[in-house]
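What follows is a set of notes on a single structure, which appears directly below.
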Amino acid sequence: MSEKSKSDTDNAIDAVVLWVDGSDKKLAEKRERYLALENKTSSHPGSLPLRFASSDEISYCIRSILRFAPFIRNIYLVTDEQDPDLYEMVRNKFPEKEGCLKIIDHKYIFRNYEHYLPTFNSSSIQTLIWRIEGLSDRFVYFNDDVILIREHLEEDWFIGGRPVLMGKWLFPPYRRIFGTRLKEAINRLPGNKRKFVPKISFYIRQWKSGSVLGFTRRYFFHDHTPHPLSKKTLSEFFESNQDLLENIISYRFRDPEQLLTPSLAYHLELLKGNRNLRKVRIGYFHPWYREKTLDRRMAKCTSDSRYKSVCIQNIEMLSHSQREKIFRWLDPIVG
């Protein structure tokens, strides 16, 4: 790499987005085959079909990045032999950004770890995104259901070259851990034939991730937001902790024991003295919202300038009218 190219990469900010189209028959058949091989069913918490559903939210995610974070250099879209074919949209709506969208297949980031493929687990996939060649040291990781709704500045994600850590300090989730263990004990009682599969707790997994790095008495909890990350921090850590890396990526399906790489990254930054801490302000849209609740949430995100992004969780569980309402609200925002 030339000195100029190296400088451009060092100063740039890229985005990495994970995406899957669960309606793809080839992918669905492959998923069912490996569920059977691992003696799991589609009702397992880590393999629910809704985790792989797609309702065009990827288009809104990409458009929102291009509109509200124009300083993003490249958007790397990580997929499993799929392509949402958004090039014409980029060319028509954002001609100055033509060529910025790049498809990265799982095989590429899993090179030398191909025996862990195929994987149907975003927690495994996100662990290796730092291996994308040419990826800027400063990059922002998105899930495809996270959509920007207001202008972002570099300082929203990086200050002094370091990631902004969006979250809050929490004590260990002992009540959740106790509840899980109690349910496991009850389901082991004689006569109880139903196999108990514990819920995959976002809180417990983050605490476990922080605990690995010494944050046992309290941990820094993050929500479903865009995650500013440092490629250098991740590469140095995982290259020195190969066994931990392989343990994380070995899960084909999400598992309650699996560590979370964004949480590891946040706690690594704290160990390095990063104090760019900021409270989370993101609008959540949950599938169990009633119409009036949904209306209030959209009105709040529209009127309160502190809300710069939204997360539409489990969009396939929303009614058709709810999905249409959200998309009608987003269309004039993201363009």
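At a glance:
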| quantity | calculated |
| --- | --- |
| Criterion (surrounded by fewer than 20 Cβ atoms within 10 Å (Cβ to Cβ), in contact with a helix residue (DSSP H, G or I) (Cβ under 8 Å, 6 or more places away or on another chain), at pLDDT 95 or above and within 30 Å of Met298 (Cβ to Cβ)) met by exactly one of Val90, Val146 | Val90 |
| Residue within region 167-183 that is among the β-branched types (Val, Ile, Thr) and either more than 30 Å from Ser305 (Cα to Cα) or touching a Ser or Thr at 6+ places or on another chain (Cβ under 6 Å) (or both) present | yes |
| Cβ pairs under 7 Å, 6+ apart, first in region 299-321 and buried (at least 18 other Cβ atoms within 10 Å of the Cβ), second part of a strand (DSSP E or B) and small (Gly, Ala, Ser) | Cys301/Gly283; Val310/Gly283 |
| Lone unmet requirement of (1) over 28 Å from Phe120 (Cβ atoms); (2) modelled with pLDDT of 95 or more; (3) exposed (fewer than 13 other Cβ atoms within 10 Å of the Cβ); (4) not polar (S, T, N, Q) for Asp243 | (1) |
| Among the candidates Gly167, Gly99, Gly134, residue that is at pLDDT 95 or above and within 21 Å of Thr225 (Cα to Cα) | Gly167 |
| Hits in region 211-266 (condition: hydroxyl-bearing (Ser, Thr, Tyr), touching a Ser or Thr at 6+ places or on another chain (Cβ under 8 Å) and over 22 Å from Phe142 (Cβ atoms)) | Tyr219, Ser250 |
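Each row is one residue, and each column tells you yes or no for (1) closer than 21 Å to Ile75 by Cβ; (2) in a loop (DSSP other than H, G, I, E, B); (3) touching a strand residue (DSSP E or B) at 6+ places or on another chain (Cβ under 9 Å); (4) among the β-branched types (Val, Ile, Thr).
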{"residue": "Gly99", "(1), (2), (3), (4)": "yes, yes, yes, no"}
{"residue": "Ile103", "(1), (2), (3), (4)": "yes, no, yes, yes"}
{"residue": "Tyr108", "(1), (2), (3), (4)": "yes, no, yes, no"}
{"residue": "Asn112", "(1), (2), (3), (4)": "no, yes, no, no"}
{"residue": "Phe120", "(1), (2), (3), (4)": "no, yes, no, no"}
{"residue": "Gln126", "(1), (2), (3), (4)": "yes, no, yes, no"}
{"residue": "Trp130", "(1), (2), (3), (4)": "yes, no, yes, no"}
{"residue": "Ser136", "(1), (2), (3), (4)": "yes, yes, yes, no"}
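The values are calculated or read from the model by the stated rules, or taken from the named source; none is laboratory data. Given the structure is predicted, the values throughout are model-derived calculations rather than measurements. Every residue, glycine as well, gets a Cβ built from its backbone with ideal geometry; the counts of neighbours run over all protein chains shown.
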